[in-house]
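Input: a single structure, listed below in structure tokens.
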Amino acid sequence: MTKRVAVVTGASSGIGAASVRALAAAGFETVAAARRVERCAELAAEVGGRAVGLDVTDDASVAAFAAEVGDVDVVVHSAGGALGLDRVEDADLDGWRLMYEANVIGVVRVTKALLPGIRRRGAGHLVLLGSIAGFEVYPGGGGYTAVKHAVNALGRTLRLELNGEPIRITEVAPGMVQTEFATVRFGGDTERAAQVYQGVTPLSAEDIAEIVAFAVTRPAHVDLDQIVVRPVAQAAAYLVHRRPE
Ligand SMILES: NC(=O)c1ccc[n+]([C@@H]2O[C@H](COP(=O)([O-])OP(=O)(O)OC[C@H]3O[C@@H](n4cnc5c(N)ncnc54)[C@H](OP(=O)(O)O)[C@@H]3O)[C@@H](O)[C@H]2O)c1
């Protein structure tokens with residue numbers, strides 16, 4: 001039997017990279033995609049999959065990507081993240097635009113490009129990396145919570161629009177996961193990023209990847225529509241219990 005093909009965007013790091021490993025272990029042929037294609041190539045060599053460069057904010061890059069990967073069964077949209085932690089009145093508008101481009105329009109762009117191939121395969125599964133920021137808010141989080149609210153709306157809309165087709169939509173909505181996320185959010189400031197995880201046991205990228213693999217390996221009639229997962233210490237985005245150091 002030919003293997004099912006799973007594309008993972010944002011596969012050069014964190015949840016995306018771990019998802020490639022988990023999906024390969026679950027028997028998928030994997031396509032690891034991100035801008036840092038050399039990292040994807042290392043991962044592809046490790047799991048026996050493919051690596052393709054991809055910038056989800058760029059029309060030409062997504063078109064070339066779709067042409068190269070061909071028809072697929074599963075798309076895990078992990079590309080994205082946060083930029084900054086500013087109050088709305090101090091918002092860096094370019095940062096907000098970039099977040100919207102990568103987290104929201106990027107998902108739309110890649111979905112538009114790959115959906116015809118999913119249909120040709122006969123069935124498929126779109127997994128969106130949402131966040132608890134998709135239904136909670138916190139001071140300084142305005143730009144990121146706005147985009148993850150949009151991802152939540154996008155997933156729910158797709159589920160309505162694709163109703164009647166054998167295409168599943170799953171939103172995985174994690175709380176705090178220790179990846180490069182905080183380092184990117186704080187412009188490369190690793191000390192500030194480390195403080196995010198101080199005194200807490202955060203989720204790991206592997207915790208989320210296991211959930212992604214579980215969702216896509218359910219029987220074809222089962223759609224896990226939204227999966228919320230948090231560290232035990234994180235009761236809300238802004239309410240984190242920290243152990244005294
Ligand atoms: N970590 C958390 O606490 C957390 C919680 C909830 C949800 N999430 C979401 O989970 C997803 C993965 O985040 P992560 O925690 O794994 O962070 P990460 O380690 O920073 O990984 C982010 C990935 O997105 C890729 N990416 C960013 N912009 C891109 C673009 N324009 N085109 C293609 N790829 C792009 C990056 O690759 P390149 O830079 O190589 O392109 C990288 O592989 C994100 O959507 C994030 O919002 C994270």
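Out of 62, 75, 104, I need the residue that is in a strand (DSSP E or B), among the aliphatic types (A, V, I, L, M), within 24 Å of residue 169 (Cα to Cα) and within 15 Å of the ligand (Cβ to nearest atom). Which one?
Details: 62 fails: in a strand (DSSP E or B); 104 fails: in a strand (DSSP E or B).
Among 62, 75, 104, only 75 is in a strand (DSSP E or B), among the aliphatic types (A, V, I, L, M), within 24 Å of residue 169 (Cα to Cα) and within 15 Å of the ligand (Cβ to nearest atom).
Taking the criterion of being part of a helix (DSSP H, G or I), farther than 19 Å from residue 126 by Cβ, of a type in the set (A, V, I, L, M, F, W, C) and without any contact (Cβ under 8 Å) to a residue 60 or more places away in the chain, would at least one residue in segment 25-36 satisfy it?
Residues of segment 25-36 that are part of a helix (DSSP H, G or I), as a first pass: 25.
Now drop any that are not farther than 19 Å from residue 126 by Cβ, which leaves 25.
Then keep just the ones that are of a type in the set (A, V, I, L, M, F, W, C); that gives 25.
Within this subset, residues satisfying the condition of being without any contact (Cβ under 8 Å) to a residue 60 or more places away in the chain are none.
No, because not a single residue in segment 25-36 is part of a helix (DSSP H, G or I), farther than 19 Å from residue 126 by Cβ, of a type in the set (A, V, I, L, M, F, W, C) and without any contact (Cβ under 8 Å) to a residue 60 or more places away in the chain.
Residues 216, 177, 240: which one is under 22 Å from the mean Cα position of the chain (by Cα), within 13 Å of the ligand (Cβ to nearest atom), at pLDDT 95 or above and surrounded by 14 or more Cβ atoms within 10 Å (Cβ to Cβ)?
Numbers: 216 fails: within 13 Å of the ligand (Cβ to nearest atom); 240 fails: under 22 Å from the mean Cα position of the chain (by Cα).
Testing whether each residue is under 22 Å from the mean Cα position of the chain (by Cα), within 13 Å of the ligand (Cβ to nearest atom), at pLDDT 95 or above and surrounded by 14 or more Cβ atoms within 10 Å (Cβ to Cβ) leaves just 177.
Say whether the condition of being within 13 Å of the ligand (Cβ to nearest atom), crowded, with 17+ Cβ neighbours inside 10 Å and not in a helix (DSSP H, G or I) is met by at least one residue in segment 150-172. Steps first, answer last, please.
First pass over segment 150-172, keeping only residues within 13 Å of the ligand (Cβ to nearest atom): 150-152, 154-155, 171-172.
If we keep only those that are crowded, with 17+ Cβ neighbours inside 10 Å as well, we get 150-152, 154-155, 171-172.
Still in the list and also not in a helix (DSSP H, G or I): 171-172.
Scanning segment 150-172, I find at least one residue that is within 13 Å of the ligand (Cβ to nearest atom), crowded, with 17+ Cβ neighbours inside 10 Å and not in a helix (DSSP H, G or I), so the answer is yes.
What number goes with the only condition from (1) touching a His at 6+ places or on another chain (Cβ under 8 Å); (2) within 13 Å of residue 9 (Cα to Cα) that residue 81 does not pass?
Failing condition for residue 81: (1).
Given (1) within 12 Å of the ligand (Cβ to nearest atom); (2) closer than 23 Å to residue 24 by Cβ; (3) part of a loop (DSSP other than H, G, I, E, B), identify the lone condition not met by residue 200.
In the conditions (1) within 12 Å of the ligand (Cβ to nearest atom); (2) closer than 23 Å to residue 24 by Cβ; (3) part of a loop (DSSP other than H, G, I, E, B), residue 200 misses (2) alone.
Condition test on residue 144, is it within 16 Å of the ligand (Cβ to nearest atom), crowded, with 23+ Cβ neighbours inside 10 Å, among the hydroxyl-bearing types (Ser, Thr, Tyr) and not in a loop (DSSP other than H, G, I, E, B)?
Working: within 16 Å of the ligand (Cβ to nearest atom): yes; crowded, with 23+ Cβ neighbours inside 10 Å: yes; among the hydroxyl-bearing types (Ser, Thr, Tyr): yes; not in a loop (DSSP other than H, G, I, E, B): yes.
For residue 144, the condition - within 16 Å of the ligand (Cβ to nearest atom), crowded, with 23+ Cβ neighbours inside 10 Å, among the hydroxyl-bearing types (Ser, Thr, Tyr) and not in a loop (DSSP other than H, G, I, E, B) - is met.
Taking the condition within 30 Å of residue 140 (Cβ to Cβ), in contact with a Phe, Trp or Tyr (Cβ under 7 Å, 6 or more places away or on another chain) and within 13 Å of the ligand (Cβ to nearest atom), does residue 81 pass?
On the way: within 30 Å of residue 140 (Cβ to Cβ): yes; in contact with a Phe, Trp or Tyr (Cβ under 7 Å, 6 or more places away or on another chain): yes; within 13 Å of the ligand (Cβ to nearest atom): yes.
Considered against the rule, which asks whether it is within 30 Å of residue 140 (Cβ to Cβ), in contact with a Phe, Trp or Tyr (Cβ under 7 Å, 6 or more places away or on another chain) and within 13 Å of the ligand (Cβ to nearest atom), residue 81 comes out as yes.
The values are calculated or read from the model by the stated rules, or taken from the named source; none is laboratory data. What you are looking at is a predicted structure, and each value in this text was computed from that prediction instead of being measured. Note that we place each Cβ from the backbone using ideal geometry, even for glycine, and neighbour counts take in every protein chain shown.
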